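Each remark here refers to the structure printed beneath this line.
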Amino acid sequence: MYSLRFPLAGVLISATLLAQNPPDLKTAPGFDLGAIDRKANPCVDFYQYACGTWLKNNPIPPDQSSWSRFSELDERNQAILRGILEKASTATTRDADNQKIGDYYFSCMDETSIDKKGLQPMQSELDRIHAVKNTRDLSAEIARLHRIGVDVLFNFSSGQDFKDSNAVIGQADQGGLGLPEKDYYFRTDPKAVETRKEYVSHITRMLQLTGVARAGAAKQADAIMRLETALAKASLDITTRRDPQAVYHKMKLAEFEALADSFSWSVYFTALQTPKMESLNVAVPEFFKGEEKLLKTVSMADWNTYLAYHLIDSQAAVLPTQFTDENFAFHGKYLTGAKEQKPRWKRCVRAADGDLGEVLGKAYVDLTFGREGKQRTLDMVNHIEAAMAQDLNTLAWMTPETKKKALEKLHAITNKIGYPDKWRDYSALKIVRGDALGNSLRSNEFEVNRQLQKIGKPVDRTEWQMTPPTVNAYYDPQMNNINFPAGILQPPFFDKQADDAINYGAIGAVIGHELTHGFDDQGRQFDPKGNLNDWWTPADAKAFDQREQCFIDEYAGFELKGGVHMNGKLTLGENTADNGGIRLAWIALMNDLAGKTLPKLGGFDEKQQFYLGFGQIWCTNETPEAERMQAQTDPHAIDRFRVNGTVSNMPEFQKAFGCKDGLPMVRDGNACRTW
Ligand SMILES: [Zn+2]
C-alpha cells in the first residue's frame, strides 16, 4: 500500500453541516493568500514563498510533533468524532454500533478507574508469560501475543499472493523490534548511540513500574536490547524491502518450518488458529534462520522479560497513568519531540478510530459526506486518468510495445472514493463498559483473526485500508486501485469555492500522485491484474531506471539541519509520484482551460494559482526530532523538499513565475522527469 503521507486522520464537512456544528469547528481553511510570504523569492525557495507566512503563524502545538495543513483537518475531524463518541457514550437507548463505540470511548476516558485497578487487568496475561518454561510454551505464548496484537519475535498475517492476486495466503515476516527500524540498532553517530541508551533506560523504567527492582530491571533491559539487536541484525532494511522481489519467497509450510525448527510451529499455528495452509510467503527467510540461533541461545528468563515488556509497552495507553506517561516520555517526547502528551480525549478518539474504524467511520460518513462530493471527485479522477493516457502516448523514451501495456494497466485501475460500499461486520466483537484494557485486547484479537481467516479465501476487493475520516490516500498495487477517503476530499485539498487551477494543483496533484504509484519503481513491477509480472521490454526498463536515477540523486542532495540527508532510494517511489502527479494535474488543467484564462486572484494568474495550490497543501512545521525520524524511516521526503524538489523540475513552473536560469527553483538541464 503506497500512501500519500504518513498516517493522520481528517474530516470532510459539507457546507450544510457546518451550520449545525458548534462554533469552534471552523470551516476548513482552503487556499490562503495570507499564507504566502511575498518577501520570499518564488524562484529561490518556492516552499517558503507559498507557505512562509503560514509557517510563521502556525507554531507546533505542544501536544504535536508537527503541524501542517493535514493536521488542521485532522484536528477538526477529531472534534467531530469526539462529538459522535460522547453522544454514544451517554445515550440511554443505543443500537449495537453505538453501544460499541460509546462504551469503548467511555472506558478509555475513565482514567480514574484505570489508575485504581493498577496492573490487575493485565495480571492473567503476565502470568501466562511467566509460566513459559520451554520452547513449546514459548511458541504457544507467542501465538497468544500475536493474537492480541503484540509485535514479538516475528510477524504472521495474511496477504495477497504477489504472483496470484486473487489468492490470499499466509505471510511470515520479520518483526519484534521496539525501535522504529533496523538501522536504529546499528548507526554509530552520537545521536543514534544516545537513542539506544535512552531506549534501554525507558525499558528499565517500564519494568520497574511492573514491580521489578532497579538493578534487576536494568539487567533485564540490557538483555532485551541484546535480543532485539540480534533480531534487527537478521532483518532486512527498509530500503531493500521496497523491492517486492526481495520480500517474496513462497514456499511449502514444511520448508518454512525447517528454517527455525527449534520453534514448535504446529503448537504456534494451532494456538494462532490459522486456516490450513499448504504454502505461504516467507518475506525474509534469513530472519527465521536468525531466529533459530536465538532460540538455541537465549534463556527462558530473557524471553519472559522480552515478552512482558512488549505486552506492557503495547498497551500503555490503557494502563495506569505512570505507564502512559513513561511510554510518551520515550516514544513521543524523546523520539518525535512533542512537548506534551495529547489530551486524553484525543488519544481515545484515535484509539476508537483504530479499533472500531468502520463503526465510527459509518457514523462520521452519515454526518458529513454527501453524494455530491463523490461525483465531483470522480469527474476529476477521470480527467486526470485521461491526462495520464495522453502523457503516456507522447513519451519519447518508451516504446510502443510497453506503452500499450501501460495503457492497459492504467485503464484497469479502479477508483474508490469516500468510504466502503459494504461496511465491516463487528458483531463478533464484545465491548464491555469499564474494561478499557479488555476492549483494546479484544479489538486487536478481532482484527488479527479477521486477517488470518482470509487465508485460502478469495480476495475482497471492496475492502479499505484506511478509515473514512483519514486525511490521506493510497494506491494498492495488488488491487490496482486508488483510494481517497472522505477525510481528504475537502479544503485545502478540494475546495468547492476555489477555481479549477487551485483544485488541480491540490487534490489534482494528489490524484495524479496515487495514479503514478502504479508505475513507480515498485508499482511498475505489477501487471493490470495486480500480479508481480514484468511487462516491460528490457530497453524500456533500462530507460526507466536511468530517469529514476535522476530523482535518487536529486533528493539525496536534500539535507536537514544536523546533517541528515534524505534517502534518495527510500523516497524514490513517492518522489516519482509527486513529480508525475503534478505533471498529470497540469496536463488536465491545460485540457480543461483549453487556452482560456481564469480571473486573477491576489495578482496571480491561473498557472501561478496552480503551483500555489500545490505548494500550500504541504505547509508544515516539524520538530527536528520528528524530521530526523521521518528522514530515517519514512518513504515520504520532508514536505519542503516535496514542494521544491518537484517544481524545480518543471519548465512550466519557471515560465509561470518568470524565473531566470540558474536560480535554485530552475534545474533546467538537470531537471528530472519520468512521467
Ligand atoms: Zn504516495
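The values are calculated or read from the model by the stated rules, or taken from the named source; none is laboratory data. Computed from a predicted model, the values in this text were never measured in an experiment. Counting neighbours? That spans all protein chains shown, and the Cβs are built from the backbone with ideal geometry, glycine included.
Observations
- For region 655-664, the criterion of being in a helix (DSSP H, G or I) and surrounded by fewer than 22 Cβ atoms within 10 Å (Cβ to Cβ) is met by at least one residue.
- Single match in Gly508, Gly523 (criterion: touching a His at 6+ places or on another chain (Cβ under 6 Å) and under 18 Å from Gly580 (Cα atoms)): Gly523
- Those residues of region 607-621 which are surrounded by fewer than 24 Cβ atoms within 10 Å (Cβ to Cβ) and under 11 Å from Trp586 (Cβ atoms), in sequence order: Lys607
- In region 108-124, residue surrounded by the fewest Cβ atoms within 10 Å (Cβ to Cβ) [restricted to those that are in a helix (DSSP H, G or I) and among the acidic types (Asp, Glu)]: Asp115
- One residue from Arg5, Arg94, Arg38, Arg76 being away from the ligand (no atom under 16 Å from the Cβ), at pLDDT below 95 and either of a type in the set (A, V, I, L, M, F, W, C) or not in a helix (DSSP H, G or I) (or both): Arg94
- Each residue in region 327-353 was checked for being more than 22 Å from Ala192 (Cβ to Cβ) and part of a helix (DSSP H, G or I), and 10 pass.
- Restricting attention to region 577-610 and to residues that are free of Cβ contacts under 8 Å to residues at least 60 places away in the same chain and not in a loop (DSSP other than H, G, I, E, B), the residue that is farthest from Gly523 (Cα to Cα) turns out to be Phe604.
- Condition met for Arg667 (within 16 Å of the ligand (Cβ to nearest atom), closer than 24 Å to Arg547 by Cβ and over 21 Å from the mean Cα position of the chain (by Cα)): no
- Among residues of region 622-642 being part of a helix (DSSP H, G or I), within 16 Å of the ligand (Cβ to nearest atom) and not β-branched (Val, Ile, Thr), the one that is surrounded by the most Cβ atoms within 10 Å (Cβ to Cβ) is Arg642.
- Across region 565-582, the qualifying residues are those that are within 15 Å of the ligand (Cβ to nearest atom) and among the charged types (D, E, K, R), and the one among them that is nearest to His513 (Cα to Cα) is Asp578.
- Scanning region 55-73 for residues that are in a helix (DSSP H, G or I) and either β-branched (Val, Ile, Thr) or within 22 Å of Pro664 (Cα to Cα) (or both) yields a total of 1.
- Here the helices (runs of 4 or more DSSP H) wholly within region 461-557 that include at least 1 residues being within 16 Å of the ligand (Cβ to nearest atom) and either under 23 Å from Glu358 (Cβ atoms) or not aliphatic (A, V, I, L, M) (or both) are 509-517, 538-556.
- If the condition is being in contact with a helix residue (DSSP H, G or I) (Cβ under 7 Å, 6 or more places away or on another chain) and either among the hydroxyl-bearing types (Ser, Thr, Tyr) or free of Cβ contacts under 8 Å to residues at least 24 places away in the same chain (or both), then region 258-314 contributes Ser262, Ser264, Tyr268, Thr274, Ser279, Thr305, Tyr306, Tyr309.
Listed here are the residues, each with its yes/no results for (1) of a type in the set (Lys, Arg); (2) touching a Gly at 6+ places or on another chain (Cβ under 8 Å).
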position: Phe493; (1), (2): no, no
position: Lys496; (1), (2): yes, no
position: Tyr504; (1), (2): no, yes
position: Ala509; (1), (2): no, yes
position: Asp521; (1), (2): no, yes
position: Pro528; (1), (2): no, no
position: Phe551; (1), (2): no, yes
position: Lys561; (1), (2): yes, no
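- Test: Thr414 is in contact (Cβ under 8 Å) with a residue 60 or more places away in the chain, of a type in the set (Ser, Thr, Tyr) and within 29 Å of Ile114 (Cβ to Cβ): no
- When Thr210, Thr229, Thr188, Thr239 are checked against the criterion of being polar (S, T, N, Q), free of Cβ contacts under 8 Å to residues at least 24 places away in the same chain and out of contact with any strand residue (DSSP E or B) (no Cβ under 9 Å at 6 or more places or on another chain), Thr188 stands alone in meeting it.
- Summed over region 350-377, the residues that are in contact with a strand residue (DSSP E or B) (Cβ under 8 Å, 6 or more places away or on another chain) and of a type in the set (A, V, I, L, M, F, W, C) give a count of 2.
- Of the residues making up region 330-358, just one is of a type in the set (Asp, Glu) and over 18 Å from Ser443 (Cβ atoms), namely Glu340.
- Flag for Val44 being buried (at least 18 other Cβ atoms within 10 Å of the Cβ) and either part of a loop (DSSP other than H, G, I, E, B) or modelled with pLDDT under 95 (or both): no
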